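*Asks:* I am attaching a structure below and will ask some questions about it afterwards.
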Amino acid sequence: MSTNIRINGDRLWQSLMRLAEIGATEKGGVCRLALTDLDREARDLFVSWCKDAGCTVTIDKMGNIFARRAGRDNSLPPIMTGSHLDTQPTGGKFDGAYGVLAGLEVIRTLNDHGAETQAPVEVVAWTNEEGSRFAPAMVASGVFGGAFDLDYALSRADTEGKTMGEELKRIGYFGDQEVGGRKVGAFFEAHIEQGPILEAEKKQVGVVQGVQGIRWYEIVVTGQEAHAGPTPMKRRKDALVGAARMVGHVNRIGLEHQPYACATVGMMQVSPNSRNTIPGKVFFTVDFRHPDEAILNKMDAALRKACEDEARAIGLSLDLKEIWYSPPVKFARECVSAVEGAAKSLGYAHMPIISGAGHDAVYLSRVAPTAMVFVPCEDGISHNEIENASKDDVAAGCDVLLRAMIERANA
Ligand code: HGY
Ligand code: MN
Ligand code: MN
Ligand code: MN
(Lines give C-alpha, C1' and ligand atoms only; values in the text may rest on other atoms or scores of the structure.)
(Ligands and ions follow the chains in the order given, each with its own letter.)
Protein backbone atom coordinates (compact mmCIF):
# COMPACT_ATOMS: atom_id res chain seq x y z
CA MET A 1 0.00 0.00 0.00
CA SER A 2 1.41 3.41 -0.85
CA THR A 3 1.94 5.35 2.35
CA ASN A 4 1.19 8.70 0.77
CA ILE A 5 -2.59 8.25 0.68
CA ARG A 6 -4.36 11.26 2.20
CA ILE A 7 -7.62 11.57 4.09
CA ASN A 8 -10.74 13.31 2.71
CA GLY A 9 -10.85 16.60 4.62
CA ASP A 10 -14.33 17.56 3.36
CA ARG A 11 -15.82 14.24 4.53
CA LEU A 12 -14.14 14.56 7.95
CA TRP A 13 -15.42 18.11 8.36
CA GLN A 14 -18.96 17.15 7.29
CA SER A 15 -18.98 14.28 9.80
CA LEU A 16 -17.85 16.66 12.56
CA MET A 17 -20.53 19.19 11.72
CA ARG A 18 -23.24 16.50 11.46
CA LEU A 19 -22.29 15.01 14.85
CA ALA A 20 -22.23 18.50 16.40
CA GLU A 21 -25.95 18.83 15.56
CA ILE A 22 -26.63 16.28 18.33
CA GLY A 23 -26.80 18.41 21.47
CA ALA A 24 -26.15 21.65 19.58
CA THR A 25 -26.46 24.73 21.83
CA GLU A 26 -27.55 28.30 20.95
CA LYS A 27 -23.97 29.59 21.16
CA GLY A 28 -22.69 27.02 18.63
CA GLY A 29 -21.40 24.54 21.17
CA VAL A 30 -22.51 21.06 22.17
CA CYS A 31 -24.08 19.75 25.38
CA ARG A 32 -24.10 15.94 25.14
CA LEU A 33 -23.51 14.55 28.64
CA ALA A 34 -22.43 10.94 29.06
CA LEU A 35 -25.20 8.31 28.84
CA THR A 36 -27.98 10.80 28.13
CA ASP A 37 -30.42 10.32 25.26
CA LEU A 38 -28.25 12.70 23.22
CA ASP A 39 -25.22 10.51 23.89
CA ARG A 40 -27.24 7.53 22.70
CA GLU A 41 -28.17 9.41 19.51
CA ALA A 42 -24.51 10.22 18.84
CA ARG A 43 -23.51 6.62 19.55
CA ASP A 44 -26.19 5.28 17.20
CA LEU A 45 -24.99 7.63 14.43
CA PHE A 46 -21.35 6.61 14.96
CA VAL A 47 -22.24 2.89 14.94
CA SER A 48 -24.24 3.30 11.72
CA TRP A 49 -21.33 5.13 10.03
CA CYS A 50 -18.91 2.39 11.15
CA LYS A 51 -21.17 -0.35 9.81
CA ASP A 52 -21.50 1.58 6.52
CA ALA A 53 -17.68 1.51 6.42
CA GLY A 54 -17.78 -2.28 6.67
CA CYS A 55 -16.59 -2.48 10.27
CA THR A 56 -17.68 -5.10 12.75
CA VAL A 57 -18.93 -3.29 15.86
CA THR A 58 -18.71 -4.66 19.41
CA ILE A 59 -19.66 -3.02 22.71
CA ASP A 60 -18.26 -3.83 26.14
CA LYS A 61 -19.79 -3.68 29.62
CA MET A 62 -18.73 -0.04 30.02
CA GLY A 63 -20.44 0.92 26.76
CA ASN A 64 -17.11 1.40 24.97
CA ILE A 65 -17.78 1.00 21.23
CA PHE A 66 -15.15 -0.83 19.10
CA ALA A 67 -15.41 -0.64 15.28
CA ARG A 68 -12.96 -3.10 13.72
CA ARG A 69 -11.55 -3.19 10.17
CA ALA A 70 -9.92 -6.54 9.37
CA GLY A 71 -6.25 -6.73 8.46
CA ARG A 72 -4.32 -9.37 6.53
CA ASP A 73 -3.49 -11.17 9.78
CA ASN A 74 -6.37 -10.84 12.26
CA SER A 75 -4.56 -12.83 14.89
CA LEU A 76 -2.41 -9.72 15.42
CA PRO A 77 -3.47 -7.27 18.16
CA PRO A 78 -5.29 -4.28 16.60
CA ILE A 79 -3.86 -0.84 16.04
CA MET A 80 -6.43 1.28 17.86
CA THR A 81 -7.47 4.91 17.72
CA GLY A 82 -10.35 6.84 19.21
CA SER A 83 -11.56 9.27 21.84
CA HIS A 84 -14.98 10.15 23.31
CA LEU A 85 -18.46 11.30 22.22
CA ASP A 86 -19.55 12.78 25.55
CA THR A 87 -19.06 16.51 26.14
CA GLN A 88 -18.95 19.05 28.92
CA PRO A 89 -22.26 20.86 29.69
CA THR A 90 -20.84 23.89 27.82
CA GLY A 91 -18.73 21.84 25.45
CA GLY A 92 -17.63 22.32 21.87
CA LYS A 93 -17.79 20.54 18.52
CA PHE A 94 -14.27 19.07 18.63
CA ASP A 95 -13.27 17.87 22.15
CA GLY A 96 -13.53 14.08 21.85
CA ALA A 97 -15.61 14.04 18.67
CA TYR A 98 -12.54 14.89 16.60
CA GLY A 99 -10.59 11.86 17.82
CA VAL A 100 -13.49 9.49 17.19
CA LEU A 101 -14.28 10.84 13.71
CA ALA A 102 -10.62 11.16 12.70
CA GLY A 103 -10.37 7.45 13.47
CA LEU A 104 -13.42 6.73 11.31
CA GLU A 105 -11.91 8.88 8.53
CA VAL A 106 -8.76 6.71 8.68
CA ILE A 107 -10.92 3.65 8.06
CA ARG A 108 -12.92 5.36 5.31
CA THR A 109 -9.67 6.43 3.59
CA LEU A 110 -8.20 2.93 3.78
CA ASN A 111 -11.44 1.70 2.21
CA ASP A 112 -11.29 4.34 -0.57
CA HIS A 113 -7.90 3.00 -1.58
CA GLY A 114 -8.66 -0.68 -1.00
CA ALA A 115 -5.64 -0.52 1.27
CA GLU A 116 -4.83 -3.57 3.38
CA THR A 117 -3.01 -3.34 6.70
CA GLN A 118 -1.14 -6.27 8.21
CA ALA A 119 -2.81 -5.86 11.62
CA PRO A 120 -6.50 -5.04 12.06
CA VAL A 121 -7.45 -1.44 12.83
CA GLU A 122 -10.05 -0.39 15.41
CA VAL A 123 -11.66 2.96 16.16
CA VAL A 124 -13.10 3.34 19.67
CA ALA A 125 -15.60 5.65 21.35
CA TRP A 126 -14.81 5.52 25.08
CA THR A 127 -17.62 6.12 27.58
CA ASN A 128 -17.66 9.10 29.98
CA GLU A 129 -14.27 10.62 29.28
CA GLU A 130 -15.27 14.04 30.57
CA GLY A 131 -16.06 13.06 34.14
CA SER A 132 -18.66 15.83 34.20
CA ARG A 133 -21.87 13.83 34.80
CA PHE A 134 -20.08 10.84 36.41
CA ALA A 135 -16.75 11.22 38.22
CA PRO A 136 -13.95 10.37 37.77
CA ALA A 137 -13.06 11.27 34.21
CA MET A 138 -11.85 8.67 31.68
CA VAL A 139 -13.43 6.01 33.86
CA ALA A 140 -14.36 3.59 31.05
CA SER A 141 -10.96 3.64 29.36
CA GLY A 142 -9.68 3.37 32.94
CA VAL A 143 -11.46 0.04 33.40
CA PHE A 144 -10.07 -1.10 30.03
CA GLY A 145 -6.58 -0.05 31.17
CA GLY A 146 -6.93 -1.78 34.54
CA ALA A 147 -7.01 1.40 36.66
CA PHE A 148 -10.56 0.87 37.95
CA ASP A 149 -12.59 -2.26 38.49
CA LEU A 150 -15.83 -2.73 36.60
CA ASP A 151 -18.18 -2.70 39.60
CA TYR A 152 -16.66 0.54 40.91
CA ALA A 153 -17.13 2.22 37.54
CA LEU A 154 -20.69 0.95 37.01
CA SER A 155 -21.63 2.18 40.50
CA ARG A 156 -20.56 5.78 39.85
CA ALA A 157 -23.63 7.99 40.22
CA ASP A 158 -24.61 11.43 38.96
CA THR A 159 -26.03 14.17 41.22
CA GLU A 160 -29.50 12.58 40.89
CA GLY A 161 -28.18 9.22 42.09
CA LYS A 162 -28.45 7.50 38.69
CA THR A 163 -25.56 5.06 38.23
CA MET A 164 -23.53 4.45 35.09
CA GLY A 165 -24.71 0.84 35.06
CA GLU A 166 -28.38 1.87 35.11
CA GLU A 167 -27.87 4.53 32.47
CA LEU A 168 -25.88 2.22 30.17
CA LYS A 169 -28.77 -0.27 30.30
CA ARG A 170 -31.34 2.48 29.80
CA ILE A 171 -29.73 3.74 26.58
CA GLY A 172 -29.02 0.21 25.34
CA TYR A 173 -25.21 0.34 25.51
CA PHE A 174 -24.50 -2.11 28.32
CA GLY A 175 -22.58 -4.41 25.99
CA ASP A 176 -21.77 -8.09 26.36
CA GLN A 177 -17.97 -7.86 25.89
CA GLU A 178 -15.69 -8.01 28.90
CA VAL A 179 -13.85 -4.70 29.42
CA GLY A 180 -10.17 -4.88 28.47
CA GLY A 181 -8.05 -7.97 29.09
CA ARG A 182 -7.08 -8.12 25.41
CA LYS A 183 -3.88 -7.22 23.57
CA VAL A 184 -3.66 -3.89 21.75
CA GLY A 185 -0.83 -3.32 19.25
CA ALA A 186 -0.79 0.47 19.72
CA PHE A 187 -3.22 3.24 20.57
CA PHE A 188 -3.28 6.72 19.00
CA GLU A 189 -5.64 9.57 19.92
CA ALA A 190 -6.16 12.69 17.84
CA HIS A 191 -7.37 15.66 19.89
CA ILE A 192 -7.48 19.44 19.87
CA GLU A 193 -4.82 20.84 22.21
CA GLN A 194 -7.38 22.68 24.35
CA GLY A 195 -4.67 25.23 25.19
CA PRO A 196 -2.91 28.14 23.41
CA ILE A 197 0.59 26.77 22.68
CA LEU A 198 0.34 25.35 19.12
CA GLU A 199 -1.55 28.40 17.85
CA ALA A 200 0.95 30.78 19.50
CA GLU A 201 3.90 28.81 18.05
CA LYS A 202 2.16 28.61 14.63
CA LYS A 203 2.39 24.81 14.57
CA GLN A 204 -0.24 22.67 12.88
CA VAL A 205 0.58 19.46 14.75
CA GLY A 206 1.51 18.71 18.37
CA VAL A 207 3.60 15.58 18.91
CA VAL A 208 2.34 14.72 22.38
CA GLN A 209 5.08 13.37 24.68
CA GLY A 210 2.82 12.62 27.63
CA VAL A 211 0.05 13.90 29.93
CA GLN A 212 0.39 15.81 33.18
CA GLY A 213 -0.77 14.34 36.49
CA ILE A 214 -4.27 15.10 37.84
CA ARG A 215 -5.67 15.06 41.38
CA TRP A 216 -9.42 15.58 42.04
CA TYR A 217 -10.83 16.30 45.51
CA GLU A 218 -14.32 16.65 46.97
CA ILE A 219 -14.44 18.85 50.07
CA VAL A 220 -17.34 19.37 52.49
CA VAL A 221 -17.07 22.15 55.08
CA THR A 222 -19.68 22.07 57.85
CA GLY A 223 -20.49 24.93 60.26
CA GLN A 224 -23.86 25.87 61.69
CA GLU A 225 -26.93 27.37 60.06
CA ALA A 226 -28.16 30.41 61.99
CA HIS A 227 -30.20 33.57 61.40
CA ALA A 228 -28.33 36.21 59.35
CA GLY A 229 -29.82 38.99 61.52
CA PRO A 230 -29.52 38.31 65.23
CA THR A 231 -26.32 36.19 65.13
CA PRO A 232 -23.29 38.31 66.09
CA MET A 233 -20.34 38.01 63.68
CA LYS A 234 -18.05 36.61 66.35
CA ARG A 235 -20.41 33.73 67.17
CA ARG A 236 -20.81 32.44 63.63
CA LYS A 237 -19.67 29.11 62.21
CA ASP A 238 -20.04 30.26 58.62
CA ALA A 239 -19.21 27.37 56.27
CA LEU A 240 -19.11 29.63 53.22
CA VAL A 241 -16.55 32.00 54.74
CA GLY A 242 -14.38 28.95 55.49
CA ALA A 243 -14.84 27.53 51.98
CA ALA A 244 -14.12 30.90 50.39
CA ARG A 245 -10.80 31.13 52.25
CA MET A 246 -9.95 27.59 51.12
CA VAL A 247 -10.72 28.51 47.50
CA GLY A 248 -8.21 31.33 47.90
CA HIS A 249 -5.62 28.80 49.05
CA VAL A 250 -6.33 26.56 46.02
CA ASN A 251 -5.50 29.49 43.76
CA ARG A 252 -2.44 30.48 45.85
CA ILE A 253 -1.06 26.90 45.73
CA GLY A 254 -1.46 26.85 41.95
CA LEU A 255 0.34 30.17 41.57
CA GLU A 256 3.13 29.12 43.96
CA HIS A 257 3.97 26.05 41.83
CA GLN A 258 4.49 27.74 38.50
CA PRO A 259 5.36 27.06 35.77
CA TYR A 260 2.88 24.34 34.82
CA ALA A 261 0.74 23.95 37.97
CA CYS A 262 -3.03 24.33 37.44
CA ALA A 263 -5.54 24.68 40.28
CA THR A 264 -9.30 24.99 39.80
CA VAL A 265 -12.46 24.98 41.91
CA GLY A 266 -15.15 24.12 39.37
CA MET A 267 -18.18 23.14 41.45
CA MET A 268 -19.65 24.61 44.66
CA GLN A 269 -22.95 23.94 46.44
CA VAL A 270 -23.98 26.08 49.40
CA SER A 271 -26.67 24.90 51.79
CA PRO A 272 -29.27 25.88 52.65
CA ASN A 273 -28.53 28.54 50.00
CA SER A 274 -30.94 31.07 51.51
CA ARG A 275 -29.99 34.73 51.56
CA ASN A 276 -30.83 35.27 55.25
CA THR A 277 -29.43 32.04 56.71
CA ILE A 278 -25.76 31.66 57.56
CA PRO A 279 -24.51 28.76 55.36
CA GLY A 280 -24.13 25.61 57.43
CA LYS A 281 -22.58 23.42 54.77
CA VAL A 282 -20.56 23.89 51.58
CA PHE A 283 -19.48 21.22 49.04
CA PHE A 284 -16.80 22.09 46.51
CA THR A 285 -14.37 20.35 44.14
CA VAL A 286 -10.65 20.89 43.52
CA ASP A 287 -8.79 19.99 40.31
CA PHE A 288 -4.94 20.06 40.61
CA ARG A 289 -2.61 19.39 37.66
CA HIS A 290 1.17 19.21 37.24
CA PRO A 291 3.55 17.19 35.02
CA ASP A 292 5.81 16.38 38.00
CA GLU A 293 4.46 13.86 40.53
CA ALA A 294 6.64 15.20 43.39
CA ILE A 295 5.24 18.71 42.94
CA LEU A 296 1.69 17.38 42.69
CA ASN A 297 2.32 15.70 46.07
CA LYS A 298 3.58 19.01 47.52
CA MET A 299 0.41 20.73 46.28
CA ASP A 300 -1.64 17.97 47.93
CA ALA A 301 0.07 18.50 51.29
CA ALA A 302 -0.30 22.28 51.05
CA LEU A 303 -4.03 21.97 50.31
CA ARG A 304 -4.67 19.65 53.25
CA LYS A 305 -2.77 21.91 55.69
CA ALA A 306 -4.47 25.12 54.47
CA CYS A 307 -7.97 23.63 54.70
CA GLU A 308 -7.35 22.20 58.18
CA ASP A 309 -6.00 25.56 59.43
CA GLU A 310 -8.98 27.52 58.05
CA ALA A 311 -11.51 25.03 59.41
CA ARG A 312 -9.91 25.19 62.88
CA ALA A 313 -9.84 29.00 62.85
CA ILE A 314 -13.62 29.23 62.39
CA GLY A 315 -14.61 26.05 64.27
CA LEU A 316 -15.82 24.19 61.19
CA SER A 317 -15.59 20.50 60.45
CA LEU A 318 -13.74 19.45 57.30
CA ASP A 319 -14.24 16.36 55.16
CA LEU A 320 -11.55 16.41 52.43
CA LYS A 321 -11.53 13.39 50.08
CA GLU A 322 -9.20 12.77 47.15
CA ILE A 323 -11.51 11.01 44.66
CA TRP A 324 -9.12 10.57 41.75
CA TYR A 325 -5.38 10.50 41.13
CA SER A 326 -4.06 10.09 37.58
CA PRO A 327 -0.23 10.07 37.70
CA PRO A 328 1.75 11.88 34.98
CA VAL A 329 2.17 9.69 31.89
CA LYS A 330 4.99 9.46 29.32
CA PHE A 331 4.02 8.04 25.91
CA ALA A 332 5.84 5.18 24.12
CA ARG A 333 8.89 6.18 22.08
CA GLU A 334 7.92 4.08 19.04
CA CYS A 335 4.47 5.71 18.85
CA VAL A 336 5.68 9.25 19.50
CA SER A 337 8.28 8.78 16.74
CA ALA A 338 5.59 7.45 14.40
CA VAL A 339 3.60 10.66 14.95
CA GLU A 340 6.68 12.85 14.60
CA GLY A 341 7.85 11.02 11.48
CA ALA A 342 4.41 11.33 9.92
CA ALA A 343 4.22 15.08 10.61
CA LYS A 344 7.72 15.50 9.17
CA SER A 345 7.08 13.45 6.01
CA LEU A 346 3.80 15.33 5.44
CA GLY A 347 5.59 18.63 5.87
CA TYR A 348 3.37 19.92 8.67
CA ALA A 349 4.92 22.39 11.12
CA HIS A 350 5.03 20.46 14.38
CA MET A 351 6.46 20.57 17.90
CA PRO A 352 6.68 18.35 20.99
CA ILE A 353 4.08 19.15 23.66
CA ILE A 354 2.80 17.79 27.01
CA SER A 355 -0.97 17.48 27.35
CA GLY A 356 -2.53 19.70 30.05
CA ALA A 357 -5.82 17.87 29.70
CA GLY A 358 -6.48 14.26 30.59
CA HIS A 359 -7.45 11.87 27.79
CA ASP A 360 -8.39 8.23 27.34
CA ALA A 361 -4.85 7.76 26.02
CA VAL A 362 -3.69 8.11 29.64
CA TYR A 363 -5.22 4.75 30.56
CA LEU A 364 -4.57 3.06 27.21
CA SER A 365 -0.87 3.79 27.81
CA ARG A 366 -1.03 1.25 30.67
CA VAL A 367 -1.86 -1.61 28.27
CA ALA A 368 -0.49 -0.53 24.89
CA PRO A 369 2.23 1.62 23.33
CA THR A 370 0.38 4.94 23.03
CA ALA A 371 0.75 8.45 21.62
CA MET A 372 -1.42 11.42 20.69
CA VAL A 373 -1.70 13.87 17.83
CA PHE A 374 -2.71 17.43 18.76
CA VAL A 375 -4.05 20.15 16.50
CA PRO A 376 -4.52 23.80 17.50
CA CYS A 377 -7.84 25.23 18.66
CA GLU A 378 -8.79 28.89 18.30
CA ASP A 379 -7.37 31.06 21.12
CA GLY A 380 -6.65 27.79 22.95
CA ILE A 381 -10.24 27.75 24.20
CA SER A 382 -12.04 24.47 25.01
CA HIS A 383 -14.68 23.26 27.49
CA ASN A 384 -16.51 26.28 26.11
CA GLU A 385 -19.23 26.57 23.44
CA ILE A 386 -17.05 28.81 21.28
CA GLU A 387 -14.43 26.02 20.96
CA ASN A 388 -13.23 26.06 17.36
CA ALA A 389 -10.63 24.46 15.08
CA SER A 390 -9.82 24.94 11.39
CA LYS A 391 -10.77 22.49 8.65
CA ASP A 392 -7.16 22.41 7.46
CA ASP A 393 -5.77 21.67 10.92
CA VAL A 394 -8.20 18.84 11.69
CA ALA A 395 -7.40 17.36 8.27
CA ALA A 396 -3.65 17.69 8.89
CA GLY A 397 -3.93 15.94 12.24
CA CYS A 398 -5.95 13.17 10.65
CA ASP A 399 -3.34 12.71 7.87
CA VAL A 400 -0.70 12.33 10.58
CA LEU A 401 -2.91 9.85 12.43
CA LEU A 402 -3.43 7.81 9.24
CA ARG A 403 0.28 7.65 8.46
CA ALA A 404 1.31 6.82 12.04
CA MET A 405 -1.29 4.04 12.26
CA ILE A 406 -0.28 2.53 8.91
CA GLU A 407 3.33 2.51 10.08
CA ARG A 408 2.49 0.66 13.30
CA ALA A 409 -0.04 -1.64 11.62
CA ASN A 410 2.62 -2.82 9.18
CA ALA A 411 5.58 -2.75 11.60
O1 HGY B 1 -10.38 16.75 32.78
C2 HGY B 1 -9.84 16.52 31.70
O3 HGY B 1 -8.73 16.92 31.47
C4 HGY B 1 -10.56 15.77 30.62
O5 HGY B 1 -11.21 16.69 29.79
N6 HGY B 1 -11.47 14.80 31.14
MN1 MN C 1 -11.44 15.27 25.38
MN1 MN D 1 -12.84 17.50 27.70
MN1 MN E 1 -9.97 15.09 27.98
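*Asks:* With respect to A411, determine if the residue is within 16 Å of ligand 2 (Cβ to nearest atom) and either outside any helix (DSSP H, G or I) or surrounded by fewer than 24 Cβ atoms within 10 Å (Cβ to Cβ) (or both).
*Replies:* No; evaluated as a whole, the condition is false for this residue.
One line per residue, one yes/no per condition, for (1) surrounded by 14 or more Cβ atoms within 10 Å (Cβ to Cβ); (2) polar (S, T, N, Q):
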position: Q224; (1), (2): yes, yes
position: P232; (1), (2): no, no
position: V247; (1), (2): yes, no
position: P279; (1), (2): yes, no
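*Asks:* Select from region 12-59 the residues that are more than 30 Å from A115 (Cβ to Cβ), charged (D, E, K, R) and surrounded by 18 or more Cβ atoms within 10 Å (Cβ to Cβ) and list them in ascending order.
*Replies:* R32, D39, R40
*Asks:* Do we have I192 as modelled with pLDDT of 95 or more, surrounded by fewer than 20 Cβ atoms within 10 Å (Cβ to Cβ) and in contact with an Asp or Glu (Cβ under 9 Å, 6 or more places away or on another chain) here?
*Replies:* No: the conditions fail for I192.
*Asks:* Okay, moving on. Is it the case that region 67-75 has a residue that's in a helix (DSSP H, G or I) and not aliphatic (A, V, I, L, M)?
*Replies:* no
Residues are listed down the side, and each one gets a yes or a no for (1) among the acidic types (D, E); (2) within 24 Å of V336 (Cα to Cα); (3) within 22 Å of the chain's Cα centre (by Cα):
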| residue | (1), (2), (3) |
| --- | --- |
| T56 | no, no, no |
| P77 | no, yes, no |
| V106 | no, yes, yes |
| D112 | yes, no, no |
| N128 | no, no, yes |
| S141 | no, yes, yes |
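*Asks:* Out of (1) in a helix (DSSP H, G or I); (2) not assigned by TED's automatic domain parsing to the domain that holds V143, what's the single condition that is false for L101?
*Replies:* (2)
Condition check ((1) aliphatic (A, V, I, L, M); (2) in contact with a strand residue (DSSP E or B) (Cβ under 9 Å, 6 or more places away or on another chain); (3) within 17 Å of C307 (Cα to Cα)) across all residues:
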{"residue": "K234", "(1), (2), (3)": "no, no, no"}
{"residue": "D238", "(1), (2), (3)": "no, yes, yes"}
{"residue": "V247", "(1), (2), (3)": "yes, yes, yes"}
{"residue": "N251", "(1), (2), (3)": "no, yes, yes"}
{"residue": "C262", "(1), (2), (3)": "no, yes, no"}
{"residue": "V265", "(1), (2), (3)": "yes, yes, yes"}
{"residue": "N273", "(1), (2), (3)": "no, no, no"}
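*Asks:* For region 299-339, enumerate the residues that are acidic (D, E) and part of a strand (DSSP E or B).
*Replies:* Those that are acidic (D, E) and part of a strand (DSSP E or B): D319, E322.
Every residue, every condition in (1) under 27 Å from V286 (Cβ atoms); (2) in a helix (DSSP H, G or I), yes or no:
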| residue | (1), (2) |
| --- | --- |
| A115 | no, no |
| G131 | yes, no |
| G142 | yes, yes |
| Y152 | yes, yes |
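*Asks:* Given the conditions (1) within 18 Å of A368 (Cα to Cα); (2) among the hydrophobic types (A, V, I, L, M, F, W, C); (3) part of a strand (DSSP E or B), and given that I59 satisfies all but one, which numbered condition is not satisfied?
*Replies:* (1)
The values are calculated or read from the model by the stated rules, or taken from the named source; none is laboratory data. Owing to the predicted nature of the structure, the values given are computational and were not obtained by experimental measurement. Here the Cβ is made from the backbone with ideal geometry for all residues, glycine too, and neighbour counts use every protein chain on show.
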